[in-house]
Amino acid sequence: MQIWSSCRVFNAGRAIFAHGRHMMSKQDKLKQTAAIAAAREIESGMRLGLGTGSTMSFVLDEIARRIREERIIVVGIPTSTRTELRARQLGIPLTNFAETEALDLAIDGADELLQGPLTLIKGLGGALVRERIVAAAAQRFLVVVDHSKVVDRFASRAPVPVEVIAFGHQCVKRRIAELGMRPMLRIADDGAPVLTEGGNLLYDCYDIDAAVEPAALGEQLRRLIGVIDCGIFIGMATEAIVGDSRTAIRHLRRES
């Protein structure tokens, strides 16, 4: 698993946002295909939630193109400083929750998407708390991924990130381990702990039992003192767009 510091997340995002100057990988082409399809769901006048990550870079590009060429009028709330910076560079108007009470549509990626209930694991980019706030404020939450993120078993592809405060985080780690997982503090290449958008630490939790119930696990984690949030998103995504090839996408809707 790639480990990111907040600085490295920004630099990686900047490199990804500059993808147009480089030859894209097959996976990036799948992300772009899904992102373009997602941006077509946007109607003029919408208030948008703008997620974080490599797939969102393509979404932002397409939103900017539609503003420029189709003259659509939109305003967005970004989930990270990286997204905010790129949106401003592209000329996408931004707002905040002091000025905007609710959102019409939130678009974001995911590190893992469980088919059927559309349960998500998010947090690779270190913005999971902001992402949850934005998703919860939206009437529709559209997830955009390439096919490699879609799984049939929870936590089979990605670890579950848990955001904790720095003070006493070692105690929190022990409590997390008691739930039957292997928590690992996310460390950058320079040896410093990765910081989230909120300035907290991240523990990535591995070796999760296949029989675990995601909703129950999420509640257990959030009840631990010192835990800010975890990357398990349940019942929030209303639909997903999955890039399967350069010319085809799959539309998934949440099963009740």
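Here are Leu124, Leu128, Leu142: which of them is assigned by TED's automatic domain parsing to the domain that holds Leu113, buried (at least 19 other Cβ atoms within 10 Å of the Cβ) and touching a Cys at 6+ places or on another chain (Cβ under 9 Å)?
Details: Leu124 fails: touching a Cys at 6+ places or on another chain (Cβ under 9 Å); Leu142 fails: touching a Cys at 6+ places or on another chain (Cβ under 9 Å).
Leu128 is the lone residue from the list that is assigned by TED's automatic domain parsing to the domain that holds Leu113, buried (at least 19 other Cβ atoms within 10 Å of the Cβ) and touching a Cys at 6+ places or on another chain (Cβ under 9 Å).
Only residues that are free of Cβ contacts under 8 Å to residues at least 60 places away in the same chain and either closer than 23 Å to Glu219 by Cβ or in contact with a His (Cβ under 8 Å, 6 or more places away or on another chain) (or both) were counted in the range 171-193, giving 15.
Can you name the residue in the range 51-76 that is touching a residue at least 60 places away in the same chain (Cβ under 8 Å) and among the aliphatic types (A, V, I, L, M) and, of all such residues, is farthest from Ala110 (Cα to Cα)? Selected residue: Val59. Of all residues in the range 190-237, those being part of a loop (DSSP other than H, G, I, E, B) and of a type in the set (A, V, I, L, M) number 12.
Out of Arg86, Arg65, Arg130, Arg71, I need the residue that is of a type outside the set (S, T, N, Q), out of contact with any strand residue (DSSP E or B) (no Cβ under 9 Å at 6 or more places or on another chain) and within 24 Å of Asp146 (Cα to Cα). Which one? Spell out how you get there, then give the answer.
Values: Arg86 fails: out of contact with any strand residue (DSSP E or B) (no Cβ under 9 Å at 6 or more places or on another chain); Arg130 fails: out of contact with any strand residue (DSSP E or B) (no Cβ under 9 Å at 6 or more places or on another chain); Arg71 fails: within 24 Å of Asp146 (Cα to Cα).
So the residue among Arg86, Arg65, Arg130, Arg71 that is of a type outside the set (S, T, N, Q), out of contact with any strand residue (DSSP E or B) (no Cβ under 9 Å at 6 or more places or on another chain) and within 24 Å of Asp146 (Cα to Cα) is Arg65.
When Arg254 is tested against (1) modelled with pLDDT under 95; (2) under 27 Å from Ser25 (Cα atoms); (3) surrounded by 13 or more Cβ atoms within 10 Å (Cβ to Cβ), only condition (2) is not met. If you check Ala37, Ala18 for being of a type in the set (Gly, Ala, Ser), surrounded by fewer than 21 Cβ atoms within 10 Å (Cβ to Cβ) and modelled with pLDDT under 95, only one passes: Ala18. Restricting attention to the range 112-163, the residues that are within 16 Å of Thr55 (Cα to Cα) and in a strand (DSSP E or B) total 11.
Considering (1) in contact with a strand residue (DSSP E or B) (Cβ under 7 Å, 6 or more places away or on another chain); (2) modelled with pLDDT under 95, the lone condition that His169 does not fulfil carries the number (2). When each of Gly91, Gly125, Gly116 is tested for being of a type outside the set (D, E, K, R) and over 19 Å from Ala35 (Cα atoms), the lone residue that passes is Gly116. Between Ser80, Ser57, Ser25, Ser44, the distinction of being of a type in the set (Ser, Thr, Tyr) and at pLDDT below 95 belongs to Ser25 only. Residues that are over 24 Å from Asp152 (Cα atoms) and touching a helix residue (DSSP H, G or I) at 6+ places or on another chain (Cβ under 8 Å): does the range 204-217 have at least one? Within the range 204-217, none of the residues are over 24 Å from Asp152 (Cα atoms) and touching a helix residue (DSSP H, G or I) at 6+ places or on another chain (Cβ under 8 Å). Test Ile67 against the stated conditions and say whether it is farther than 30 Å from Leu185 by Cα, part of a loop (DSSP other than H, G, I, E, B), out of contact with any Ser or Thr (no Cβ under 8 Å at 6 or more places or on another chain) and at pLDDT 95 or above. So Ile67 does not fit the description; no. Figure legend. Inter-residue proximity from the range 238-255: first residues assigned to a loop (DSSP other than H, G, I, E, B), second residues among the basic types (Lys, Arg), beta-carbon distance below 6 Å, spacing 6+ or different chains. Indicated pairs: Thr238/Arg140; Thr238/Arg254; Asp244/Arg250; Arg246/Lys29.
If you check Gly109, Gly91 for being surrounded by fewer than 22 Cβ atoms within 10 Å (Cβ to Cβ) and of a type outside the set (A, V, I, L, M), only one passes: Gly91.
The values are calculated or read from the model by the stated rules, or taken from the named source; none is laboratory data. What you are looking at is a predicted structure, and each value in this text was computed from that prediction instead of being measured. All Cβ positions, glycine included, derive from the backbone under ideal geometry; neighbour counts span all protein chains shown.
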